[in-house]
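**Student:** A single structure is presented below for examination.
The values are calculated or read from the model by the stated rules, or taken from the named source; none is laboratory data. Note that the coordinates shown come from a computational prediction; the quantities given were computed from them, not determined experimentally. So basically every Cβ, Gly included, is an ideal-geometry build from the backbone, and we count neighbours across all protein chains shown. To get the accessible areas, we keep the full protein, side chains included, count just its heavy atoms, and leave off ligands, DNA and RNA. Shrake-Rupley method; radii C 1.70, N 1.55, O 1.52, S 1.80 Å.
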Amino acid sequence: DREYRRLEDCEEDSPPGEEEEEQLLLHVTEGPTDSWHHIKDLDSFFTKISWHSPWNGFACVVLSDVLELVQFLFVVTFSTFLLCCVDYDVLFATRPLNHSHVPEHTKVTLPDAVLPAPQCARRLRGSGWLLFLLVLAGAVWLCRLVTALRRLVGYWEIRSFYIRALGIPAEELCNHSWQSVQARLLALQRRQPLCVPRRELTELDIHHRILRFRNYTVAMVNKSLLPVRFRLPLLGPVVFLTRGLQFNLELLLFRGPAALFQNTWSLRPQVKRAGARRALARGLARAAVLLGVANLALCPCVLGWRLLLAFFSYAEGLKRAPGSLGARRWSLYARHYLRHFNELGHELQARLGRGHAPATKYMDSFSSPLLAVLARHVGFFAGSVLAVLIVLTVYDEDVLTVQHILTAITLLGLVVTVARSFIPDEHSVWCPEQLLQRVLAHGLPNLGPVPRGTPRSHCPSLQVFILEELLSPLVTPLILIFAFPPRALDIVDFFRNFTVEVAGVGDICSFAQLDVRHHGNPQWLSEGHTEAPPERQAEHGKTELSLMRFALSNPRWRPPPPARRFLGHLQAQVTRDA
């Protein structure tokens, strides 16, 4: 058990009382960048710079925000229209349409099924719960609008910074990689210091500010500290981490009123004192329970929204290509488990994209014989009924006028397609060892033997992903109320024991220092280079892999002596193996 550590800047010590000022101010001397001064949040500033580059500029970011607002309005408006303004008795022909002015007219058109505006308004005013949901949706939309406007102002400043300070015109941004942008940012710091106190900015400093909270999350997943792994009856080991649960955990630990961070760059003073650990853990557990209760109260609204969004997002695609339900995608847990320390989002996406095809083949090579037998017979039964309906339809097209016959054909076709996705190709020959080598070649850790259950959480099928997101409003409150409080003390101890203060940067996760001496694992070529006890070692060689990736992505970075010796030893080992 180690105490909170502070790392002083080896180049220049900060005078007393200057620590807060150096985080609040970003000062640029007069010149081409004289409009960027007194920026209060350097973390947000560098984050926006890193987002601006892979998104190919201001226009893409703004268009994405605007269309998300429009999409929210469309879902709410269209859902309200379907509930209040459609006469389903006419649409389903359960009630004859009165065409007294044209007796011979019997064909129903879409306008016939739409209620007049006054009648639609009366039905809307007569539904109290629907009015409440519309008011709630309007409040949420206004909050998102304010957030989008604030982002718009911030990204416009970043656009100007790219053009005037970094010398990158908007039309040329797509030709510059993040490394190129970062090099210009470092050159600007040397020419006209951006940060107070005046110290040389390094690539690692920039990544520490951009990924401060993300590095903590990656480290807690690596140390199996977050309550996302469970053992359930009949199902065995299960991993559950959704976007809703991630949002709540980040709110609880980093951004909420009871968060362990008092601002974006420093922990609360109580976290750094061992004597306050139990009181702080009790407060964190209490906040988790209250947040869980709030999630439970909002569960019906959130669940309804998730159902609508899932229906509008996937229904058409599943009708067109039902086999897409079996397509695999990286889970949110995998994105944290496989992410290296100090790895930006677009870098992670590129690495996972390269490894997706071999990882999918590796996962598919471990098919379940029991599930394949079940799917084969379910597919036979559904296919037999579907074949009869198709033959009857070909013989006489009036069969399609039978109520729900088209629905039955569609659902049976979906069942047959899904069942076939679980049946392995009998002519395929799988070599798991070779496939695993291809996975490892893309910098992904060993996924392990799939039959033990847990690795399928890395790359589940689309149907599992949709099911988890739909269950999230129900499961997230239970995790916050029952699973998080017992972990509160361990989480508080983690933040105290694995936090260092770097002068000019603030409090960061010590694993993000890429220090093989304090966090290296002897089984990953760092034997003789590490002094870390087992409880301080990163699991699965995370420190060594992160150091290698960061050094390769930032060739101009000058690592500290222990890391430099490890990289030299690794290079010599690779040369000998070659």
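**Student:** When you look at residue 245, is it within 18 Å of residue 482 (Cβ to Cβ), in contact (Cβ under 8 Å) with a residue 60 or more places away in the chain, open to solvent by 20 Å² or more (accessible area, probe 1.4 Å) and of a type outside the set (D, E, K, R), yes or no? Reasoning before the result, please.
**Tutor:** Numbers: within 18 Å of residue 482 (Cβ to Cβ): yes; in contact (Cβ under 8 Å) with a residue 60 or more places away in the chain: yes; open to solvent by 20 Å² or more (accessible area, probe 1.4 Å): no; of a type outside the set (D, E, K, R): yes.
No, not satisfied.
**Student:** Would you pick out the residues in the stretch 522-548 that are touching an Asp or Glu at 6+ places or on another chain (Cβ under 9 Å), outside any loop (DSSP other than H, G, I, E, B), modelled with pLDDT of 85 or more and surrounded by 19 or more Cβ atoms within 10 Å (Cβ to Cβ)?
**Tutor:** Matches in the stretch 522-548: 543, 546, 547.
**Student:** To continue, here is another question. If residue 359 passes every condition in (1) under 29 Å from residue 179 (Cβ atoms); (2) aliphatic (A, V, I, L, M); (3) at pLDDT 90 or above but one, which one does it miss?
**Tutor:** In the conditions (1) under 29 Å from residue 179 (Cβ atoms); (2) aliphatic (A, V, I, L, M); (3) at pLDDT 90 or above, residue 359 misses (3) alone.
**Student:** Take residue 81 and tell me if it is more than 30 Å from residue 170 (Cβ to Cβ), open to solvent by 70 Å² or more (accessible area, probe 1.4 Å), at pLDDT 90 or above and within 39 Å of the chain's Cα centre (by Cα). Spell out the reasoning first.
**Tutor:** Working: more than 30 Å from residue 170 (Cβ to Cβ): yes; open to solvent by 70 Å² or more (accessible area, probe 1.4 Å): yes; at pLDDT 90 or above: yes; within 39 Å of the chain's Cα centre (by Cα): yes.
Judged against the criteria, residue 81 is a match.
**Student:** (1) surrounded by fewer than 16 Cβ atoms within 10 Å (Cβ to Cβ); (2) more than 30 Å from residue 542 (Cβ to Cβ); (3) free of Cβ contacts under 8 Å to residues at least 40 places away in the same chain: which one isn't true of residue 166, the others all being true?
**Tutor:** Against the list (1) surrounded by fewer than 16 Cβ atoms within 10 Å (Cβ to Cβ); (2) more than 30 Å from residue 542 (Cβ to Cβ); (3) free of Cβ contacts under 8 Å to residues at least 40 places away in the same chain, residue 166 comes up short only on (1).
**Student:** Another question about this same structure. Of the conditions (1) touching a residue at least 60 places away in the same chain (Cβ under 8 Å); (2) in a helix (DSSP H, G or I), residue 264 satisfies every one except a single condition; which number is it?
**Tutor:** (2)
**Student:** Pick from the stretch 282-313 the residues that are at pLDDT below 90 and small (Gly, Ala, Ser): which of them is farthest from residue 475 (Cα to Cα)?
**Tutor:** The extreme case among them is 313.
**Student:** Additional query: Among the residues in the stretch 334-346, are any more than 23 Å from residue 241 (Cα to Cα), open to solvent by less than 30 Å² (accessible area, probe 1.4 Å) and hydrophobic (A, V, I, L, M, F, W, C)? Can you show your working first?
**Tutor:** Taking the stretch 334-346 as the starting set, the residues that turn out to be more than 23 Å from residue 241 (Cα to Cα) are none.
Looking for residues that are more than 23 Å from residue 241 (Cα to Cα), open to solvent by less than 30 Å² (accessible area, probe 1.4 Å) and hydrophobic (A, V, I, L, M, F, W, C), one finds none in the stretch 334-346, hence no.
**Student:** Assess whether residue 474 counts as being open to solvent by 10 Å² or more (accessible area, probe 1.4 Å), in contact with a Cys (Cβ under 8 Å, 6 or more places away or on another chain) and part of a helix (DSSP H, G or I). Steps first, answer last, please.
**Tutor:** Details: open to solvent by 10 Å² or more (accessible area, probe 1.4 Å): yes; in contact with a Cys (Cβ under 8 Å, 6 or more places away or on another chain): yes; part of a helix (DSSP H, G or I): yes.
Against the criterion (open to solvent by 10 Å² or more (accessible area, probe 1.4 Å), in contact with a Cys (Cβ under 8 Å, 6 or more places away or on another chain) and part of a helix (DSSP H, G or I)), residue 474 qualifies.
**Student:** Please verify whether residue 317 is out of contact with any strand residue (DSSP E or B) (no Cβ under 8 Å at 6 or more places or on another chain), free of Cβ contacts under 8 Å to residues at least 40 places away in the same chain, open to solvent by 30 Å² or more (accessible area, probe 1.4 Å) and in a helix (DSSP H, G or I), treating the condition exactly as stated. Please lay out each step first, then the result.
**Tutor:** Working: out of contact with any strand residue (DSSP E or B) (no Cβ under 8 Å at 6 or more places or on another chain): yes; free of Cβ contacts under 8 Å to residues at least 40 places away in the same chain: yes; open to solvent by 30 Å² or more (accessible area, probe 1.4 Å): no; in a helix (DSSP H, G or I): yes.
In short, no.
**Student:** Quick check: is even one residue across the stretch 159-169 under 18 Å from residue 76 (Cα atoms) and in a helix (DSSP H, G or I)?
**Tutor:** no
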